[in-house]
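As structure tokens, the structure follows; a few thoughts come after it.
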Amino acid sequence: MSATHHHHEEQDFLFKYIFSQDHKMISKQFLITGFLMGFIGMVMSTLFRLQLGFPGESFWAIDFFLGSWAENGVMAPDKYLALVTMHGTIMVFFLLTAGLSGTFSNLLIPLQIGARDMASGFLNMLSYWFFFVSTIIMLISLGVEGGAASAGWTIYPPLSALPQAIPGSGLGMTLWLISMAIFIASSLLGSLNYIVTILNLRTKGMTMTRLPLTIWAFLVTAILGVLSFPVLLSAALLLIFDRSFGTSFYLSDIYIGGQVLEHSGGSPILFEHLFWFLGHPEVYIVLLPALGITSEIVSTMSRKPIFGYRAMVTSILAIAFLSVIVWGHHMFVTGMNPFLGAVFTFTTLLIAIPSAVKVFNYITTLWKGNIIFSPAMLFSIGLVSTFISGGVTGLILGDSALDINIHDTYFVVGHFHIVMGLSAIFGMFAGVYHWFPKMFGRMMNNTIGFFHFWITIVCAYGVFFPMHFLGLAGVPRRYYTNSEFPLFDNMLDINELITWFAIVAAFAQLLFVFNFFYSALRGPRASQNPWRANSLEWTAPVEHIHGNWPGEIPEVHRWAYDYSKVDENGDYVNGEDFISQVVPLGPNEKDGGH
Amino acid sequence: MTSITLENNDYKKEIKQKTAKPLLWIGLMSIVMFFAGLTSAVIVSKGTAVWETIQIPSAFAISTVFILLSSLTFYIGERSLKNNQLTKGKLFILATLLLGLLFTVTQYIAWTDLYKNGVVWAGSESSATGSYFYALTALHLLHLLGGLISLLVVNIKSIKEKYNTENLLGVQLSSTYWHFLTALWVYLYLFLIFIA
């Protein structure tokens, strides 16, 4: 009897925590896996920053983490390339695509639209497990002979197409491609579910124009994923054919060690077209969820309706549309026809318009609000800041006449780390601080959160802002050392400074890790609606149940942004400065957002 | 009072009825983008790489006839099941499976013809043009294998008389996917004529 009981418990554990089909559990699985990968990516970057700041010096940390990759504590040049490649891959795909969308789309879509779960819990579970397997394969590739893939996260052929090209082009590259193919499958399964759930399973009264902006962002992100990831898959497949079967899609007239290879007739530029057709929308796949999260938090924590709801939705759609017709701006120096370059410049600069609309709306929402500076709010405002300062340099890089001068320099590295890396990770941090009570039923510690935010934002700017000057001076990206070129000798101090900021920033993340795990286990219990917010997820009980609401699903009567709404006498409607979406409209009350 | 929970089978069924078709349609969108990526790669290559002229094997034309017929039989089969003409439905769905298999065979014949004409998939004798011929058709066939598996399931279920006017979801999903594969093949066939 007790044996069967025990067996049941084991099964329960397996299906509740491991092979769960509950979107809330899957969301936590994505979060933890994504953060683990992010942590690995961050350690990698700190290590290669040591090499860049103090070229050729020996460090125990490099020795400790890299072992045989660094003789006597000095990083080997080919391993530097492997670290840069893996840092990019892990951060862009594993942390900011799967970690961010996987966590918050899963957590918030059913809860905020009023559904009991995703359209298909099974596909959702598969999506996580595909992601998990791709994670494992990518990590294994770090330890294989020749090292991990080293052709940069953009894996341009011929480095990626010829196993004999550089040490990382061998088994490491093969595993990279296999891992990414599985990753793409995971991402597609997730996106299918997100789109169909949002379109088909909204609760009564939840019209599209009453959706919180988070949901709009997740929807458009998922659509972008469905449209662009298959193209990356096609690019990767052709690459696999070239590598492993001897076709010549990307290869032509190549000599290695004086030997002419059999390949002829292909073009490596083709890969760039296919890659960036994904690659640019990918920027917005990473960014849009963060912008959605920010919209929600900025409004809630300013106790004000979001400014220009319709304009926000329109900008999301406009950004998404434009993002698929700008990929050529990554290829201005490939010998592109200057007229075509001008077309891509034009479409690229157009993105500034919807982006500026969003920034304007964030600031006008903050304007004269009763701002509550929670850690989530600080990170959201941090996102607005990085989105602006990274966005402005985008105008420079989007213009072919200017870009050609600073192509592949540290200017580019500074730009995309601020506008895409920092903005997205700030959005992710904001989301974790804000929805932690919903995920774990406990509150995070605010004081540690403040320290985490302030150290992070100062150091993040300290790392990436000076890079623009390095780039303008001509320092190329991806070089193992810059001390070999007298031209850049006076840049060594800046590199050292950047490295110091990077080290402090990395240690500051330990604050977050501690806060996260300590609060999940020991934090004070959360009330049902700790931020006094309007959206539906806060009407669900703190204790997680499969199905989200114990009784009927709540009906929605208004948009999600009725904060500080006053009646004709100047009193708060309902006596509070927020009105939940489930409260029916009063007799003379108008629904917002129209 | 009966509260709705996820363990409730009626609720699960309702969600499936509501979402299975949109899930398939958006899945098809991603396949469209996959082949859009590949065929636009062909166009880019045609502009930059050395391009060869290739004689299209007539077996591809026969394939096209088979797959068009199979879509027709699937359509008739589905309609028969909808009108509760179970025997007719069974026969036409079986015919669809057979036509699908014939399509697969003729694809293989086309490849051997290509090979005989000196068009090889890879290696020093290969050209990007020839490799694309094999890659596009083989990747379509890979997707068609999924269609054949679903047809096999639909056949077994229809022989067991699991389908009727009320319960058709499985057939509808399978037929949507199958018609999509037909359309995709017609597109690829015309495209191959265009690039050859």
>> Shape verdict for the stretch B:1-160, please, from the Cα gyration tensor: rounded (a/c under 1.5), prolate (a/b greater than b/c) or oblate.
In response: oblate
> In sequence order, what are the phi-derived ³J(HN,Hα) couplings for the stretch A:368-385 according to the Karplus relation 6.51 cos²θ - 1.76 cosθ + 1.60 with θ = phi - 60°, rounded to whole Hz, with x for glycine and proline?
Replying inline: 6, x, 8, 5, 9, 8, 7, x, 4, 5, 4, 5, 5, 5, x, 4, 4, 4
> Looking at the square roots a ≥ b ≥ c of the eigenvalues of the Cα gyration tensor of the stretch B:38-97, which shape do they give, rounded for a/c under 1.5, prolate if a/b is larger than b/c, or oblate?
Replying inline: prolate
> How well do other chains shield peptide B:123-131, expressed as the mean number of their Cβ atoms within 10 Å of each residue Cβ?
Replying inline: 6
> Tell me, what ³J(HN,Hα) does each residue in the stretch A:73-88 have, in order and in whole Hz, if you take phi through Karplus 6.51 cos²θ - 1.76 cosθ + 1.60 with θ = phi - 60° and put x for Gly and Pro?
Replying inline: x, 10, 5, 6, x, 5, 6, 4, 4, 5, 5, 4, 4, 6, 4, x
> Relative to the present Cα-Cα distance, how much length would full extension add between A:Asp571 and A:Glu145 at 0.36 nm per residue of separation?
Replying inline: 146.3 nm
> Which of A:Tyr194, A:Tyr309 comes first, and how do the rest follow, when ranked by fewest Cβ neighbours within 10 Å?
Replying inline: A:Tyr309, A:Tyr194
> ³J(HN,Hα) across the stretch A:132-146 via Karplus (A = 6.51, B = -1.76, C = 1.60, θ = phi - 60°), whole Hz, x for Gly/Pro?
Replying inline: 4, 4, 5, 4, 4, 4, 4, 5, 4, 4, 5, x, 7, 4, x
> What value, in deg cm²/dmol to 500, does the helix sum -39500 (n - 2.57) over DSSP H runs of n ≥ 4 give at 222 nm once divided by the residues of the protein assembly as shown?
Replying inline: -22000 deg cm²/dmol
> Is the shape of the protein assembly as shown rounded, prolate or oblate, going by the alpha carbon gyration tensor and its root eigenvalues a ≥ b ≥ c, with a/c under 1.5 for rounded and a/b larger than b/c for prolate?
Replying inline: oblate
> How high is the FRET efficiency between A:Leu402 and B:Leu69 when r is their beta carbon distance and R₀ equals 60 Å, given to the nearest 0.05?
Replying inline: 0.55
> Between A:Ala356 and A:Trp500, 0.36 nm times their residue separation minus their Cα-Cα distance comes to what?
Replying inline: 48.6 nm
> Of B:Lys88/B:Lys160; A:Lys16/B:Lys162; B:Lys13/B:Lys82; A:Lys204/B:Lys21, which ones are farther than 23 Å apart at the Cα?
Replying inline: A:Lys16/B:Lys162
> How many angstrom lie between the C-alpha centres of the stretch A:59-123 and the stretch B:14-90?
Replying inline: 36
> With axes computed from alpha carbons, what is the tilt in degrees of helix A:171-200 against the longest principal axis of chain A, rounded to the nearest 10 within 0 to 90?
Replying inline: 20
>> Among A:Gly265, A:Pro550, A:Leu108, whose Cα projects farthest towards the positive end of the dipole of the stretch A:23-575, with charges put on the beta-carbon of Lys, Arg (+1) and Asp, Glu (-1)?
In response: A:Pro550
>> 7 Å from Cα along Cα→Cβ at both B:Thr112 and A:Leu317: what's the point-to-point distance in nm?
In response: 5.4
> Taking the Cα centre of the stretch B:58-195 as origin and charging only Cβ (+1 Lys, Arg; -1 Asp, Glu), how large is the dipole, in debye to the nearest 20?
Replying inline: 460
> Which ordering of A:Leu270, B:Leu184 is given by a fewest-first count of other beta-carbon atoms within 10 Å?
Replying inline: B:Leu184, A:Leu270
>> Counting other beta carbons within 10 Å of each residue's own, what order do A:Ser400, A:Ser244, B:Ser40 fall into, fewest first?
In response: A:Ser244, B:Ser40, A:Ser400
> Which distance in Å, rounded to a whole number, links the C-alpha centroids of the stretch A:312-389 and the stretch A:448-505?
Replying inline: 24
> Hey, with R₀ at 35 Å, roughly what FRET efficiency would B:Ala138 and A:Phe507 work out to, going by the Cβ-Cβ distance, to 0.05?
Replying inline: 0.10
>> So if I take the centroid of the Cα atoms in the stretch A:527-541 and the same for the stretch B:156-196, what is the distance between those two points in Å?
In response: 46
> Residues with amide H under 5 Å of A:Thr409's amide H, sequence separation 5 or more or different chain, H placed in the peptide plane at 1.01 Å from N; which?
Replying inline: A:Arg477
>> Helix A:446-472 against the longest principal axis of chain A: what's the angle in degrees, Cα atoms only, rounded to the nearest 10?
In response: 40
>> If I fit a long axis through the Cα atoms of helix A:309-323 and take the longest principal axis of the Cα atoms of chain A, what angle between them do I get, 0 to 90°, rounded to 10?
In response: 20
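Coordinate-derived values only; no laboratory data. What you see is a predicted model, and the numbers here were worked out from it, not measured in a lab. Methodologically, a virtual Cβ is constructed for each residue, glycine included, from the backbone with ideal geometry; neighbour enumeration extends over all protein chains shown.
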